[in-house]
Amino acid sequence: MREFIKNLSICFAAGGIAGLAYALGLWAMGHYGFTRFLHVDIAPYLSNAYIYQRVVWGGICGLIFLLPWRKSWVSRGFLLSLIPAGILLLVLLPMRGLGVGALALGTLAPLVIILACAAGGIAGSGWLRAQGK
C-alpha cells in the first residue's frame, strides 16, 4: 500500500509538471503568433489563475502515468497525452459551445491542442524518467 501511495504522489506531481508545460506551451504558441499563423483563435493570457487551473487538472490527469508503460519515455508522454487531448476536444470544449474538436476556434484548433498536450505529456514523462520511474 505504501508503494502505491508513493507512485500515486509521484504521478500526480508529474501531472502537475505536465499541466505547467501544457499551460506555458499553449501560451507561447499564442504569444509568439503560431496560433495566429494557423488561423486559430487561441491566445490565453498568462495569469496565476490560468496556470493554477492547468497545474491542478494536470495533476489529476497525471494519474494516467500509473498505467504500465515500459517503452520510450517520449512515446509514453505523447501517446498518453492523447487521452486528455481527446477529453478536451470531444467533451470539455464542446460543453463550452466550441463544437466537437473546438472547430469554432479554427480548423487547425485540434492540432494546436494536441501539440500543447503533447508538450505537457512529454515533459511529465521526462520528469518521471528523471525520477527513475
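A few comments on the model shown:
- Accessible area per residue for the chain is 59 Å², calculated with a 1.4 Å probe on protein heavy atoms, without ligands, DNA or RNA.
- Put Met1, Met95 in order of accessible area, highest first, and with a 1.4 Å probe you get Met1, Met95.
- Linear extension gain, Val74 paired with Leu92, 0.36 nm per residue minus alpha-carbon span: 3.9 nm
- Surface share of carbon and sulfur [accessible, 1.4 angstrom probe, percent] for the chain: 70
- Pairs of Cα atoms farther than 16 Å apart, the range 1-126, %: 61
- Extension gain from Asn7 to Leu111, taking 0.36 nm per residue of separation minus the Cα-Cα distance: 34.3 nm
- Electrostatic bookkeeping for Leu105 treats Lys and Arg as +1 and Asp and Glu as -1; over the other residues with beta carbon under 14 Å from its beta carbon, the sum is +1.
- The largest accessible area among Lys133, Lys6 belongs to the first residue in Lys6, Lys133, and the rest follow in falling order (1.4 Å probe, all chains).
- FRET efficiency, 1/(1 + (r/R0)^6) with R0 35 Å, evaluated for Tyr45 and Arg129 via beta carbons: 0.65
- Compared with the dominant Cα axis of the chain, that is its longest principal axis, helix 109-130 is turned about 20°.
The values are calculated or read from the model by the stated rules, or taken from the named source; none is laboratory data. Since the structure is predicted, the reported quantities are computational estimates derived from the model, not experimental observations. Cβ: placed from backbone, ideal geometry, glycine included. Neighbour counts: every protein chain shown. These area figures cover heavy atoms from the full protein model, side chains too; ligands, DNA and RNA do not enter into them. Shrake-Rupley method; radii C 1.70, N 1.55, O 1.52, S 1.80 Å.
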